[in-house]
Each structure stands twice: as C-alpha cells, then as structure tokens.
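The structure appears below as structure tokens.
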Amino acid sequence: MRFLICLRGDRLSRPTLHFAALMASRLSTDMTVLFVAPGVRREFTQEADLAREKMNEWAIDSPGMGVIKAARDHLESLGLISSEDNGNAYPDILEPGAGGALELRMAGRDGEHVAFRFRQGDALEQILEEMKTHRYDLLVIGAGARHSYLVDRLLQFSTSSVLVVKNPLDIRYKVLVATDASPAAHRAELLAIKTASFLKMELKFLTVVRNDEEREFMKKHLERMNNLCELKHVPCSAVTAEGNIVKEIIKAAGDDHIAFIGRSRHGALKKLVFGSKAIKIINGGNCPIVFMK
C-alpha cells in the first residue's frame, strides 16, 4: 500500500502530515509527501528551469525546499525516518525525478520507502499528474474552506481512494464504515477492518435503509461482517438508521472516528461520493474521512 500526502504549505499542512504519516507508519506502508507551489508563467519557464539548475549547483534551497525540509524534520521528530541517510547527513538538494517533479528519497524507520516530491503549477493538475506517474492507493489532503473546490475535484478525478483529514486529534480513534453492501462499500469495509486490526481500534458499521426489505438484507450482510471481525479480533458493533445519510454519518462519526465511505453504483452512497453531499459531510463533519474508489 502507498500513501500520497499532499501539502499546501499552510496551517493545515502540519496536522495533515502528522496524522497521515503516523497512520502510514502503523500500517507499514510507503509514503510520498508532495508539495505543489504555484507555477511560473509559460514565457518564463526556461528562465525558471535555469535558475533551479544554478540553485542546485550552488547548494541554494530550491523553491519549496522550506516546506520539504519542515516535513522531513517533522517525520524525523516522530521517529519515522532515520536521522541520517546511508551514513551521511541529510541531503538538502531536490533531484530531478520521474514525471517532471523534483524529489528527495529516504528510508523509513522500518525500511519503508519515503519520498518528498516538489511540483509547480496548478494544484489539481499536478496532483493528478503525480498520480499518473506513480501508483498510489490513498491520496491524503487536508480539509479547509479555502480548498473545498480542490477537494471536490479530487474526489471526482482521483484514481485512488481519498482521505480527507479534518480536525485530527491526538486521541485513540474508533473506525466507522458506512456501507450498503455494494462492491466499493465492501472494499471500504475490508480496509476499515484492516485499519482497526492494525491500529487496535473499535469498529462500527453504519447502514441507512429505506424500507424493511433493505433492513433485512443489510442485517444478513452485517452478520457476515461481524463474523469477519471476530476472525480478525476486531471488536465491532452495527447501527441501522433511517433518514438522511449525510446527517446520519455526521452524527455517528462525531469527532472520535475515522469514517470510511465506499462508492456505490446506485443509491445514496453514489451521490455522497460524487455529488455535493461529499462536501456537505466534509464541511458538516468533524473527523477524518476516507472515500473509497
């Protein structure tokens, strides 16, 4: 599994990095930390490339290196990367990497691959380009009112699942998974169970039904999920509700859960992931949310 953690160089960057990096480490996954800075005008591209080359030659920080250094130092303070790289002091120069990005590669505490990558240009375009260049399983981005357009577009166009980090707390989280038993919702269930198992968390299943037929169908499905949780030694419970799915998820998640939501090909969960309801639950909710693809 591989995380792509996107930073924007604002106040959300540090708590987003802290939360996602600890989660990646505990799941023993590789991670890439990506910072996208505003691009230069096309007519100045050649001059910018030359300036970047000279800065590398003269050991002057490249644009974005301040954010990369801060991210690197924070991961070191958490003990997630070694204080030295191959016996040498930290390199401070970003080298040309795949897909037009500059990068700094390091080793994680337990041998995981950790990369810091820098891009310039439109944030949405560059994040999607990064995802084309490398295969990522989870895209991580912080939630903020100023960036709701970017989050909305990434939910639509990301080729991987998306973790939106909102109100990260230094607490022992529980896991909530909203499910309708669809294939994508089942993938969310499996990842939620894996996460709860690795991180020693309690897990709660939430399903919102419209009639007795759906209630009976979901009852049988949740019994199967309960059996799977028992095999993985994950304590679990289930809640079946009626009404507005957004309100029910926000109420059930509170601020002490990591919520997992799977895309459905029909019904309320499809609209939740692809429509304005996704932004409503991010804005109205108060916890980290994983939208599964």
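None of the figures in this text is laboratory data; all of them are computed from the coordinates on show. From a predicted model like this one, the values you see are computed outputs, not experimental measurements. Neighbour counts run over all protein chains shown; Cβ positions are idealised from the backbone, glycine included.
Would segment 174-292 count as rounded, prolate or oblate if I go by the C-alpha gyration tensor, calling it rounded below 1.5 in a/c and otherwise prolate when a/b exceeds b/c, oblate otherwise? In terms of gyration-tensor shape, oblate. Peptides 73-79, 253-259, ordered by how many other C-beta atoms sit within 10 Å of their residues on average, highest first, read 253-259, 73-79. Counting only Cβ charges, +1 for Lys and Arg and -1 for Asp and Glu, the dipole size of segment 174-292 around its Cα centre is about 380 debye.
Full extension of the chain segment joining SER82 with ARG224 gains 46.9 nm, where the gain is 0.36 nm per residue of separation less the Cα-Cα distance.
Modelled spin labels at SER28 and ARG153, positioned 7 Å past Cα toward Cβ, are 3.8 nm from each other.
Projecting the Cα atoms of PHE205, LEU139, ALA188 onto the charge dipole of segment 118-207, computed from C-beta unit charges around the Cα centre, puts PHE205 farthest toward the positive end.
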